[in-house]
Amino acid sequence: MVAPFPWGPGCANLRPVAPERTDEELMAAYVAGDAAAFRVLFDRLAPQLLRLCARGLGSKSEAEDLVQQTFLQLHRARFEFRAGARLRPFVVTIALNLRRDLQRRGKFRGESPRPIEELADPRGNAADELERARVRRALDRLPPDQREVIELHWLEGLSFPEVAEIVGASAGAVRVRAHRGYQKLREELADAAPDSRAAVPGEEAAS
């Protein structure tokens, strides 16, 4: 049986499809008492947060724990979230702070480390495992402030204003870090493998 066209017979019984709610609308609904909205937020944001938490850690279970802690802190801070603010930078900031704290304390459970490429594929930016490993090593050699900006902008696809909000710097300062980081990253990859196929963003990415 073919479903009726919107303008055909039986259209009076059709219900309009509700538009997908934004992260901010879901957060507002959760604060107002809609527990299901928090589950939708978790399903939507957890994959990105897992990639972020996994970078710099050798344990998938540690990364998963950090994601759980991130949402626990989001729950506790739900009344502190400002109406009109962007939710994703707010959540990513929580996750990065938890990751930094864990790295600073060095309290890992000692699970056998796995290559970061097995935990978090940089979304197709490298053609194969060898290429991803080269990118990962080159990223690790960048200064921390440049590496963080590039992870958020390139690997996670966040805009410079969003990255600036997360790292606590101006958008201009973030663009400078990205420009220097991308330049150094290309140089590192060219030195290590002249035939590298890694799609490192060009000059326009940091402009």
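No value in this document is a laboratory result; all are computed from the given coordinates. Every value quoted in this text rests on a predicted model; they were computed, and no experiment measured them. Cβ sites come from the backbone with ideal geometry, for glycine too, and all protein chains shown count toward neighbours.
Highest mean packing first, where packing is the average number of other Cβ atoms within 10 Å per residue, the peptides 182-190, 147-155 line up as 147-155, 182-190.
Taking a Cβ cut-off of under 13 Å around Arg177, the surrounding Lys, Arg, Asp and Glu residues balance to a net charge of +1, with basic ones at +1 and acidic ones at -1.
Coupling constants for the stretch 21-28 follow from the phi torsions by the Karplus curve (6.51 cos²θ - 1.76 cosθ + 1.60, θ = phi - 60°), and in residue order they are 6, 6, 4, 5, 5, 5, 5, 4 Hz; glycine and proline get x. Counting other Cβ atoms within 10 Å as a rough exposure proxy, the listed residues Phe79, Phe42, Phe90 run Phe79, Phe42, Phe90 from fewest neighbours to most.
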